1. State whether the residues of region 144-161 include one that is loosely packed, with under 14 Cβ neighbours inside 10 Å, under 19 Å from residue 210 (Cα atoms) and modelled with pLDDT under 95.
2. Within region 315-339, restricting attention to residues that are within 24 Å of the chain's Cα centre (by Cα) and in contact (Cβ under 8 Å) with a residue 24 or more places away in the chain, which residue is nearest to residue 260 (Cα to Cα)?
3. When you look at residue 165, is it surrounded by 16 or more Cβ atoms within 10 Å (Cβ to Cβ) and assigned by TED's automatic domain parsing to the domain that holds residue 43, yes or no?
4. For residue 115, only one of the following conditions fails: (1) over 19 Å from residue 144 (Cα atoms); (2) assigned to a loop (DSSP other than H, G, I, E, B); (3) modelled with pLDDT of 95 or more; (4) out of contact with any helix residue (DSSP H, G or I) (no Cβ under 7 Å at 6 or more places or on another chain). What is its number?
5. Out of the residues in region 249-288 meeting the condition of being buried (at least 17 other Cβ atoms within 10 Å of the Cβ) and out of contact with any helix residue (DSSP H, G or I) (no Cβ under 7 Å at 6 or more places or on another chain), tell me which one is farthest from residue 62 (Cα to Cα).
6. Could you tell me which numbered condition residue 241 fails, if it satisfies all but one of (1) out of contact with any strand residue (DSSP E or B) (no Cβ under 6 Å at 6 or more places or on another chain); (2) modelled with pLDDT under 95; (3) crowded, with 21+ Cβ neighbours inside 10 Å?
7. Which number in (1) in contact with a strand residue (DSSP E or B) (Cβ under 8 Å, 6 or more places away or on another chain); (2) touching a residue at least 60 places away in the same chain (Cβ under 8 Å) marks the one condition that residue 19 misses?
8. Only one of 219, 178 is modelled with pLDDT under 95, on the phi > 0 side of the Ramachandran plot and not in a helix (DSSP H, G or I). Can you tell me which?
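The values are calculated or read from the model by the stated rules, or taken from the named source; none is laboratory data. A quick note: this is a predicted structure, and the numbers were derived from the prediction, not measured. With ideal geometry, Cβ positions are generated from the backbone for all residues, glycine too; neighbour counts draw on all protein chains shown.
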């Protein structure tokens, strides 16, 4: 069975880059009728916070990216210890004692000698006595010993990849303070949970190479990997510095529609144009991982506003009924109100202003030269209940009575009724106006 996972760290809020990874893995699982796991990488006890974990779940639920089960790495520390012991036995795991300063000096020396800054494995030559002496001074960290051979795999987006393990430092899997790092914990989870497909950013390619060897050393099955392009700003600038302004909770507060956001990310960076999807089934059917490329992908948050508005313009009333109920719009007015409002809003929050206009009216906006004209016109206004033909009937009567026509007829009437020079179709709005000068 196809099994995928989304593995955020609950050390902050989900942002647009996280979502892209979550969406791809979710769609792959759902398209295959498989399992989607939400895995919280919470092995950092100081930075991992329950409030961040809760917000991650709320964000995914808002988007409809439901999971089949939740796993937490903090509950699996015994398993990671067992895996570490399993790697020590054949000599694939070894203890090192260099400080960060010492490692930095080694890297600088290698670069000065025009050599790749790869860990020199000097810890492997330490005697037992030397290790004991170093342990008395400092805590050791543990590295995985890579087999120096080419690591090859067929990437679902990047195609055939090959990395020479000799060009990569043996990865640190346990820090000096005993904390398990991402690589070991993630590999154990992928093996134990039967993960079949992993989609993540292209900045993880080297990690994937080392993880393949660790998976094999633990006797696990290597998943199918795919690495999507990284997002940039609209001018190609790095997006990482702006991610704090692109938190999903903030986009939600700004009124971005979930399906607009998902539709955008399900095609962004692919060879296919962005198409608005009305539901998850259509989104899944239209998704094809093989259509995505490796080039950095430009993302402009302004695009989401336009997509959200377009989605609302075609949305069925059933999907906004909760918003209408919250505004206490009478049942008999709900449908005509939505038919009028949906083409004139950017976000759902705009509904409140339109309903206030319909329910309470506004201060008329009347130019000095139109005062007499509006006075005569209001005397001709049809009384409630008004229909969708009332606007035409009224403007025809006013035209005959005053001789005005075109913009000189319609604009002063709109401004007097709505306080605005532009807005909804007046034939749809007029029947909804409850308070027009007592009429």
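1. Taking every residue of region 144-161 in turn, none turns out to be loosely packed, with under 14 Cβ neighbours inside 10 Å, under 19 Å from residue 210 (Cα atoms) and modelled with pLDDT under 95.
2. Checking each candidate, the answer is 315.
3. yes
4. The number of the failed condition is (3).
5. 269
6. Just one mismatch for residue 241, condition (3).
7. Failed condition: (1).
8. Values: 219 fails: modelled with pLDDT under 95.
Only one candidate qualifies: 178.
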